[in-house]
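The values are calculated or read from the model by the stated rules, or taken from the named source; none is laboratory data. These numbers were taken from a predicted model, which means no experiment stands behind them. In this analysis, Cβ positions are derived from the backbone assuming ideal geometry, glycine residues included, and neighbour counts consider all displayed protein chains. In case anyone asks, the SASA skips ligands and DNA or RNA and just uses the protein heavy atoms, side chains included. Shrake-Rupley method; radii C 1.70, N 1.55, O 1.52, S 1.80 Å.
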Amino acid sequence: MRTQLIYKNFFIYCEKNNTGFFTEFDEGINIIHGKNTSGKSTLIQAIQYTFGINDEKHKLFEILDEGVIFRLDFVLKKGSNDENLTIIRDNDFIYIKRENLPLIKYSGIGANHSREHVLLNENISKLIGF
């Protein structure tokens, strides 16, 4: 069964500076373009970090040092089934809200081999199907 993730929007908020970033994605093809150092790679790295990929932490050091919170809303398409999901990452915590299901919280996911991080990886793999 083919699985698709269709990003709806991505929000980054820094309470410390009262600043944020918000973008919406079209359901079709989205092209990220701009001059060098305009933030194209940072956007992709921030989305990966939101999913719990800690390898991106060192690349996002300046942003993470500000204590930001990331929120990604997307649709998970599996065959003919569509499900709305939200993932929120706040440093060592990830919250996953699936449509019509209780909120799931993972704490202490800052280290790649922590118990919670391994559980998060297993659950996302099952959810997405890889």
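Quick notes
- Taking each residue of the range 61-85 that is under 19 Å from residue 46 (Cβ atoms) and open to solvent by less than 50 Å² (accessible area, probe 1.4 Å) and looking for partners that are assigned to a loop (DSSP other than H, G, I, E, B) and among the charged types (D, E, K, R) with beta-carbon atoms closer than 6 Å, six or more apart or interchain, yields 67/16.
- If you go through the range 28-60 and pick out every residue that is free of Cβ contacts under 8 Å to residues at least 12 places away in the same chain and at positive phi, you end up with 3.
- Test: residue in the range 45-57 that is more than 16 Å from residue 94 (Cα to Cα), open to solvent by 70 Å² or more (accessible area, probe 1.4 Å) and within 17 Å of the chain's Cα centre (by Cα): no
- Complete set of residues in the range 1-31 that are touching a Leu at 6+ places or on another chain (Cβ under 9 Å) and hydrophobic (A, V, I, L, M, F, W, C): 5, 6, 10, 11, 21
- Flag for residue 121 being touching a residue at least 24 places away in the same chain (Cβ under 8 Å), of a type outside the set (Lys, Arg), open to solvent by 60 Å² or more (accessible area, probe 1.4 Å) and at positive phi: no
- Residue within the range 6-20 that is more than 19 Å from residue 71 (Cα to Cα), touching a strand residue (DSSP E or B) at 6+ places or on another chain (Cβ under 9 Å), open to solvent by 80 Å² or more (accessible area, probe 1.4 Å) and of a type in the set (Lys, Arg) present: no
- Scope the range 1-33; condition of a type in the set (Val, Ile, Thr) and in a strand (DSSP E or B); matching residues: 3, 6, 12, 19, 23
- Residue list for the range 35-44, filter: surrounded by 13 or more Cβ atoms within 10 Å (Cβ to Cβ) and among the small types (Gly, Ala, Ser): 39, 41
- A single entry from 104, 32 fulfils the requirement of being over 27 Å from residue 126 (Cβ atoms), touching a Lys or Arg at 6+ places or on another chain (Cβ under 9 Å) and open to solvent by 30 Å² or more (accessible area, probe 1.4 Å): 32.
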